[in-house]
1. Name the residues in segment B:597-615 that are surrounded by fewer than 20 Cβ atoms within 10 Å (Cβ to Cβ) and within 9 Å of another protein chain (Cβ to nearest Cβ), would you?
2. Considering only segment B:808-821, I want to know if a residue exists there that is out of contact with any helix residue (DSSP H, G or I) (no Cβ under 8 Å at 6 or more places or on another chain), small (Gly, Ala, Ser) and free of Cβ contacts under 8 Å to residues at least 60 places away in the same chain.
3. So which residues in segment A:193-226 are more than 7 Å from chain B (Cβ to nearest Cβ) and among the polar types (S, T, N, Q)?
4. Which strands (runs of 3 or more DSSP E) sit wholly inside segment A:46-146 and have at least 1 residues that are within 14 Å of chain B (Cβ to nearest Cβ), without any contact (Cβ under 8 Å) to a residue 40 or more places away in the chain and in contact with a Ser or Thr (Cβ under 9 Å, 6 or more places away or on another chain)?
5. Exactly one condition in (1) facing another protein chain (nearest Cβ under 9 Å); (2) part of a loop (DSSP other than H, G, I, E, B); (3) in contact (Cβ under 8 Å) with a residue 24 or more places away in the chain is not met by B:Ala804; state its number.
6. Answer with yes or no whether A:Ser185 is over 27 Å from B:Ala694 (Cβ atoms) and part of a strand (DSSP E or B).
7. Considering only residues of segment A:339-390 that are closer than 19 Å to B:Gln301 by Cβ and β-branched (Val, Ile, Thr), which is surrounded by the most Cβ atoms within 10 Å (Cβ to Cβ)?
8. Pick out the one residue from B:Ser255, B:Ser283 that is out of contact with any strand residue (DSSP E or B) (no Cβ under 9 Å at 6 or more places or on another chain), surrounded by 21 or more Cβ atoms within 10 Å (Cβ to Cβ) and not charged (D, E, K, R).
Amino acid sequence: MNPATRRTFLGQSGFSLGSAALASLLGNGTSFASADHPDTPYFAAKAKRVIFLCMAGGPSHLETFDYKPKLNELDGKPMPESFTKGQPIAQLQGQELQVLGHQTEFKKYGKSGLMVSDYLPWTAKMADDIAVVKSMVTEQINHDPAHTFMNTGTVISGRPSMGSWVNYGLGSMSEDLPGFVVLTSVGGRNPQPIASRQWSSGFLPGKYQGVEFNSAGDPVHYVSNPKGVSAGQQAALVDAISQLDRKRNSIVGNPEIDTRIAAYEMAFRMQTSVPGLMDISEEPQAVLDLYGAKPGDGSYASNCLLARRLAERGVRFIHLYHRGWDHHGDLKKYMDICCGLTDRPTWALLTDLKQRGLLDDTLVIWGGEFGRTPMFQGKGGAGRDHHIKGFSMWMAGGGIKGGTSYGETDELGYNAVGNVVHVRDLHATMLHQLGIDGNRFTFPFQGLDMKLTGVEKAKVIKDLI
Amino acid sequence: MTRHCTLLSPGLYPVESVIVPCLLFVFTALCSAGELDFNRDIRPILSDKCFFCHGPDSHERKADLRLDTPDGAKSVITAGKPGESEAMARILDKEDPMPPLDSHKSLTKKEIDLISRWIKEGAEFEDYWAYVPPVKHDFPAVSDNDWPLNWIDHFILYRLGQEGLSPSPEADKTTIIRRLYFDLIGLPPTPQQADDFLSGRKSYINVVDELLASPHFGERMAMYWLDLVRYADTVGYHGDQDHNISPYRDYVIRSFNRNLPFDQFTIEQLAGDLLEQPDKWQSVASGYNRLLQTSHEGGIQAKEYNAIYAADRVRNVSAVWMGATVGCAQCHDHKYDPYTIKDHYSLAAYFADIHDDGYNGNALPTNRPPEMIFLSDQLESDLAVIRAKMEDLAGTEIQPEIEKYITNRTALEKSLLVGKKSKKAVEKQLKEIELEIENRFPENKKAAWRNLRSKEKQILNSGRRTMITSAEPPRTMRVLPRGNWQDDSGETVRPGVPEFLGSIPGHTRLDLARWLTDPENGVGGLTARVFANRFWYLFFGTGISSSLADFGGQGQPPVNPELLDNLAVFFYENGWDSKAMVKLLVTSRAYRQSSIASPELLARDPYNQLVARQSRYRLPAEVIRDNALAVSNLLIKETGGTSVKPYQPAGYYRHLNFPKRQYKNHDDKRQWRRGVYVHWQRMFLHPMMKAMDAPSREECTAERPRSNTPNAALVLLNDPTFVEAARVLAQRILIEGGSNFDDRLEFAYQAVLNRPPDTGEKSVFQSLLEKTGNTYLKSPETADQLIATGLSPTPPDLDPVELASWTAVARGLINLNETITRN
C-alpha cells in the first residue's frame, strides 16, 4: 500500500504523535508508521477494533441459526452413511450414528427474515444487525487444537493469536491499557480448559501479548501494591528507581534503561487506571440492568459491559471467552443455561455500542471453535458431538452488512456446501475491515513470511461488507 | 553486503528495542566490498526471492527451473555474461519481472547488481555452508599480538581489523566477577566471593575453575537445555495434567556437572533404552522422547495424534541437534532447504517404536507408561541396607528358594510401570507371590521378614515415577500427503536420515544418535557447529550465526565462519567436552571486554556480532528469581528433586479443567528453591516467568526474547516472592549492616551489586527511606502488614517501622536495572 494512503488513514483516526509514543511505552507498538512493521499493507478501514465473543466448547449451529427441516424428519433414524464415511469424528468414534432432530423451534426475524432459534430471543432482536455465516469450516476436531486454529490460523504452538497480529499491524490506541485484553466467564456444561497460548504473541514481540483481566482478585497480575504499601509510598519507590536508573545510565549509556524507566512509570499508571476501569459499579443502574451485570460477579454479562468500557478506552482487540458450550449430552438443559447467560448480554453489548456510536467502527464476532454433529450423542440426555465440516458464526458492526445470511450447509447441516468460509477467510475478512490485506500481512519467522491467514490464499467475504 | 541486510532485519530479532534508524548504516559498515562469497552474498538473495518457486520443492517448482543447483540454473545463467543470461533479462523486465509482482517480493538495486556481478565473475555455486563439515582453519595473523589470550581472539581481532574496528578495553573487575558468576552458575557472587577476586586472593582462572566445578553450573546449563528439548511438568494440551518427568531434569543437571561428553549425552537421551543394560540414569535420560506435548482429551483419534506426535518429535530433534527446520517438510518438500517430505517421515520413523497410545483419563499426575521408579542415591543406599538385612534373615537356606519369586515379582512390578498388562491381574499375582515368599520362612522369622519387606516397599514407594522410553514394535510410518493423517495413499518409509546428508545402515534411534554425533561417519561435525554457535550465544549474547535453530537457507550465515568452524572442531576433538568449551570461551580476551559501547559502536554493530565489546542484557527469568533469593540469603541451594511451587496469584489456574485444580504454593523451604525447579505448567506458566520471557516449552526455544514491559515491572515491584526477598534482605541490612544509614546502605549495595553506593545514590535512598518511614510512623499497622509478606519468619526483635522502611530500600535495589542486567 502506498504510504500516503496509509498516513491519511491514520490521520483520520485522530492519533497524535504524543499518544503514539506513549502507547509504545506501554508496550503496544506505535500507532504511527511503526518501526515494527513498516510494510503493513493498509487501506481505508471500516473498523478500528474487534470484540471477539468466543463461545468456547462449540455451540450447536443446529440449535442456533441453521434450520434444516430434513433433520427433524430423520430424527432417531440412522445417519446416512454417505455423510459420515471417512470423516473425522471425535467422541462418537466406532458408535452407531443416529440423527438428532432440532431440539428447539426456529422463527424468522427482522426485515431480513433471518432464522433464529428460540434459544436466542435477544439475538433475534438484532436480526437486522448481524450477518450470519452458516458455512464455516475448520480443520481441528478437538477443543484445544481447534481454539489454537481459530486464534492463530495453525495448530502449531508458538504462533501469535489474532489479537496480537492486529495490534502488531495497527498499534494501540490506548495510553494506559494493553492493546489486547482477554476476559473469561463460565457457565454451562463442564467448562473447556483454555490455555494462555490462546492469547500468546507467539513469535511477535512480547508487547503484543494479550493480557487477561481478572474479575476476581487483582484485575491484572501484580497490579496491586503489596500489603502495607500505600500509593504514595509506591510512587516514591518508582520515582527512586527511575532516578537511580537514570543516574546509572549516565555512566553506562544503556539505551535499554530508558525503556525500563518508561515501563516502570507505565506500570505505575496501570496500577491506578486498571482497577478504575474494572470497577463497573460506577455505571448507571440502567446500564447495569441493560446487560444484567452485577459488579464483581465475573459473569459474561459483566464482561460484555467491560468490553464496551475497554472499547471506549481504545483497546484494539477484546477477546471474551464463555466456557460452557461443549454439549455432548443434556443439550437442552445446557443450551438453556448458556443462552440464558449470554444471549441478553450480547444483545446489550451491541445495543450499547450502537447507542454510543461505537458499533460503526467496532467489529463484533460471535462463535465457537467448531459446531456440533447432526448426530445424536447421549452423555446424559440427548446431545451432539464436535463437528467441523459446517457450523455458524456471526459478525456485526465495523462495516458488516446486517441482516445477511451467508453460505449454507447440506440438508442435514453436516457439510458446508455453498459459499464455504474457512477460518482463514474469517481472518482475512476481519483484517480487511481493519484495513489490512491479510494475504500480504506478514512477519518473518524461521525463514518464512508468516501470516495469520496461513499458507493457502484467504478470501475476503465480499458479500458481507 | 546482502548477508547483513537480512542478518540485521529487525523482524528477526525478538529484542524489543530495535534501533532501526541505524540499520542502513550498519549494512554498509559490516559488509566489506571485497570478494564475492556465494554463501554469504548471493545464496541468501536467491533463497529469499527465488527458491519458493525455483527451489528444492519439486511440487511448487515453476517452469521446471531450479536455481539452487548449478545444473538447474545453467539454462538461464550464462557464466561470465550477465547480458546473455535469461535470468538477468527476466529480473530486469519491467513489464513482467522476476520475482513476479504478485509474489510481493522484489529485488533491490543492490541485490540486482550483486547477482549481475556474480554472473560476470563466473556464477560459481558453493556447497551450502551448514552442510559442509567444519575444518580447522589457521589462526589469522593480527596486528597486536599482545591482545589475544587464546586463539579465539585471533579470529575476533582479525575480523574487527577488517571492519576498521578495535576491541573494547577489559571490563572492571566487579563487572567481570559478576559476569562470570551469572554466566557460569546463574547466581551472583557474595561480597566475600567478589572480594576474593577483587583483592587478588583468587585469580581469574581460579574463579573459572571453581565455578565450573560448582553444582550450580549444571543448573545454569540445564536452564538452556530444558528450553531446547521443551521440558515441562505438564502435558500441554487440553487438560494440561501434570506428568511424571522431574528426574529427567536431574539427569540434565547431573550430566552437565559431571561433564558427560555431549555425544554420550545425546545418545542417552535419544536412545538410552537401546544401550546394553542401561543404568538408572540412562533410562531416565530416554525420557527425552516423552517430553513432547500430549493430549488426554476424550474423543481424540489415536491415529491423528500419532501423526501430531511424530511431527512434534521431528521438529524437536531437527531443531535441537541439526539446527534444521525439517518440520517444514511435513506437508511438502521444504521450500528452501533440501529436506523432502520423505525425509520428514523417514526421520519420524526412528521414533515409531515409542509408546504413544493410551493417554486417556484425567488422572493427576497422569499415568503414562512406560515409567520407572527413580530412586535418589540416598534411597538406593537405604534400599541396599534393607536388602542386605533381608538376605541375612533368609540365610543360605531360604534365600535360594525365594530368589525366583523375587525375580518374578520384580518383573511383574515393572510390567505395571510399562503398562503392558492388566493392573488388576498383576496385583492379584503379586499378592500371591508375597504369600509364597512369606511361607518359606519359619513362624519365628515371619514377622521380621514382613517388617523388612514393608520397609523395602516404603523406600520403593518414595521414589519418583518418571516417563522413560522402552522400544516397542514400530508403527507403520508412511508419508502423509499434505500432512493429512487420514490419507493412507503415501508410501511407507523406513527410518532413515535426510537423503542429501547420506545414508546409514542402521534403523534405530541409537543409530540416529550416533550419526548425529559421529564426525567421521555421520554429521557430528555439523552438530558440533550448531552447538558451538549456541555456546557462543550463551557467553556473548548472540550467535556467530544469529539463527540459533535454523542453519538452513533462510537462516543467517555466520559472521565469522572460520571461528565457528574451529570451535566446532575443538568441541568434538576434545571428546565433546562441554566444560572445556565453556572454559575456552570465558578465558578469551574477547569475553573479558567491557560491555559499554560508544554510540558509534552501537550504531555500527547493534547486536554485537563482531564482538568489539561484550554484550549486556537482562538476566533470564530464572536467574532474576535466583538473584533476589540469593542476595536475601533465602535461596535454598540443594540441587535436584521434584518441581517447586512459588507464590502465585490466586485463581490463576481457573481455566484448567479435567480435572479442575487449585494451585497450592509450597509452604516449606521449597518456596525458596531456584527458578530451574519451578513447576512448569505449559498452559499457564507462572506469571513471573512469563513476564520475564520464559517460554511455555511447547516447542524448542533456542533463543528467548528479552522484553522490557510494564508487566515485568509489576512483577518485580509486587510479586510476593520479590517483596519477601526485599523484606528478608532488609532484615539482613538491619542485623548485619551496622547501625547508621551509611554503613547499612554500603552493606546493602555490596550484597546486591558488589559495589559501594556513590553519594548521589545515597541521597536518593536516604530520601526514600525518610518518606517511607514517615508514613509508617503515622500508621505503624501498615508496617506490620508489609513485613508479614511471605512465609519466612520475621525476627521479633526488629522495629517494624524500621524494617518496613528498609524493605522499601531493598525493593528499590532489587528493582534496579543494574541488578537484573548481565553486563
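The values are calculated or read from the model by the stated rules, or taken from the named source; none is laboratory data. Bear in mind the structure is a predicted one, so any value in this text is a computation, not a measurement. Ideal geometry is used to build each Cβ from the backbone, glycine not excepted, and the neighbour counts take in all protein chains shown.
1. B:Ser598, B:Pro599, B:Leu602
2. no
3. Answer for segment A:193-226, where residues must be more than 7 Å from chain B (Cβ to nearest Cβ) and among the polar types (S, T, N, Q): A:Gln198, A:Ser200, A:Ser201, A:Gln209, A:Ser215.
4. Details: elements: A:49-56, A:106-109, A:114-117, A:130-137.
Where strands (runs of 3 or more DSSP E) fall fully within segment A:46-146, none carries at least 1 residues being within 14 Å of chain B (Cβ to nearest Cβ), without any contact (Cβ under 8 Å) to a residue 40 or more places away in the chain and in contact with a Ser or Thr (Cβ under 9 Å, 6 or more places away or on another chain).
5. With respect to (1) facing another protein chain (nearest Cβ under 9 Å); (2) part of a loop (DSSP other than H, G, I, E, B); (3) in contact (Cβ under 8 Å) with a residue 24 or more places away in the chain, B:Ala804 is out only on (2).
6. Details: over 27 Å from B:Ala694 (Cβ atoms): yes; part of a strand (DSSP E or B): yes.
The answer is yes for A:Ser185.
7. As a first pass, look at segment A:339-390 and keep what is closer than 19 Å to B:Gln301 by Cβ: A:369-373, A:375, A:377, A:379, A:384-389.
With β-branched (Val, Ile, Thr) added as a condition, the list becomes A:373, A:388.
On the way: A:Thr373: 30, A:Ile388: 24.
Result: A:Thr373.
8. Working: B:Ser283 fails: out of contact with any strand residue (DSSP E or B) (no Cβ under 9 Å at 6 or more places or on another chain).
Selected residue: B:Ser255, the only one of B:Ser255, B:Ser283 that is out of contact with any strand residue (DSSP E or B) (no Cβ under 9 Å at 6 or more places or on another chain), surrounded by 21 or more Cβ atoms within 10 Å (Cβ to Cβ) and not charged (D, E, K, R).
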